[in-house]
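**Student:** Provided herewith is a single structure, encoded as structure tokens, for subsequent inquiry.
The values are calculated or read from the model by the stated rules, or taken from the named source; none is laboratory data. The structure presented is a predicted model; accordingly, all values stated were derived computationally and were not measured. With ideal geometry, Cβ positions are generated from the backbone for all residues, glycine too; neighbour counts draw on all protein chains shown.
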Amino acid sequence: MRRPILAVIVGVIAVYACMHFSILPEAPDVTRIENITHLESLAYHPAVLDLWEIAVESTDVENESAVLRKLEVDLAGNGAARVIWLYFYGDKDGEQHGYEAYVGPGGTVSAKSQKFNFSVQGVHPLELLREVDAIALEDIPSRDRGMRLLVNPNAYGDHYNETRGRLYEVSDGMFCPVKEVTFGPDARWYTITITPHRESPPSPGEIFIAFTRQDIAAAGCVVYG
């Protein structure tokens with residue numbers, strides 16, 4: 001019975017990966033780069049900084065122009081990276097592009113890009129990816145279930161408290177507890193959210209929501225504790 005179940009799990013992961021890797025629609029101006037290299041990721045260390053360096057080199061994006069759109073990492077219960085998706089914008093040859101870098105279960109890196117005609121706001125990926133790389137994911141409770149790590153941009157104001165999850169300011173991978181964070185309507189910020197894999201929705205106490213110091217500085221009100 002184990003082999004059919006394993007086959008179903010692998011199939012679901014493959015379908016999920018394909019769905020994410022298709023965020024940039026297939027079109028004549030989409031450039032795909034398959035099987036770029038192999039990304040070495042240790043348990044609970046998905047090596048997102050290494051992925052960023054690979055993405056810059058393989059896509060020829062102008063590094064200084066890059067803006068982070070999203071990072072998503074899916075880890076198995078043993079800490080192995082099942083899949084990693086990195087989405088960002090940047091310039092190439094004077095034109096705006098959207099980029100995806102994808103790491104499959106075997107560690108093989110692929111990428112694709114598409115031209116865009118609109119400007120985007122955000123921060124360069126390096127600092128946020130550096131913070132993610134420094135987090136000791138092996139110390140996260142319920143890590144044996146596996147987890148999903150998501151770095152996402154936010155805007156137009158929001159309020160965070162214990163009903164949303166366990167809140168932290170993160171710096172050099174270290175977590176400092178926060179009780180409440182409020183962002184005004186003009187603020188733009190990123191969240192680093194870590195959610196354990198469960199059959200039922202996790203409780204707020206199992207969800208980690210972290211803000212970098214730079215993003216905390218953009219908040220209108222912060223209550224530590």
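**Student:** Condition first: charged (D, E, K, R) and within 20 Å of Val56 (Cα to Cα). Now tell me which residues in the range 92-145 satisfy that.
**Tutor:** Residues satisfying the conditions are Lys92, Asp93, Glu95, Glu100, Lys112, Lys115, Glu127, Arg130, Glu131, Asp133.
**Student:** Also, quick follow-up: Residue by residue through the range 40-66, note down the ones that are surrounded by fewer than 19 Cβ atoms within 10 Å (Cβ to Cβ) and over 16 Å from Asp133 (Cβ atoms).
**Tutor:** Glu57, Ser58, Asp60, Glu62, Asn63, Glu64, Ser65
**Student:** Pick from the range 13-59 the residues that are closer than 28 Å to Asp139 by Cβ and modelled with pLDDT under 50: which of them is nearest to the chain's Cα centre (by Cα)?
**Tutor:** Here the answer is His20.
**Student:** Under the condition of being under 14 Å from the mean Cα position of the chain (by Cα) and not in a loop (DSSP other than H, G, I, E, B), which residue from the range 100-125 is nearest to Ser65 (Cα to Cα)?
**Tutor:** Only one residue fits best here, namely Pro125.
**Student:** What's the number of the condition Leu128 fails, among (1) buried (at least 18 other Cβ atoms within 10 Å of the Cβ); (2) assigned to a strand (DSSP E or B)?
**Tutor:** Failed condition: (2).
**Student:** Here's a follow-up. If I filter the range 186-225 down to residues being surrounded by fewer than 20 Cβ atoms within 10 Å (Cβ to Cβ) and of a type in the set (D, E, K, R), which single residue comes out as farthest from Ala136 (Cα to Cα)?
**Tutor:** Only one residue fits best here, namely Asp186.
**Student:** Another question, if that's okay. Within the range 88-99, count every residue that is farther than 15 Å from His124 by Cα and either free of Cβ contacts under 8 Å to residues at least 12 places away in the same chain or under 12 Å from the mean Cα position of the chain (by Cα) (or both).
**Tutor:** Qualifying residue count for the region: 2.
**Student:** Within the range 144-181, count every residue that is under 14 Å from Asp215 (Cα atoms), assigned to a loop (DSSP other than H, G, I, E, B) and among the polar types (S, T, N, Q).
**Tutor:** Total meeting the criteria: 0.
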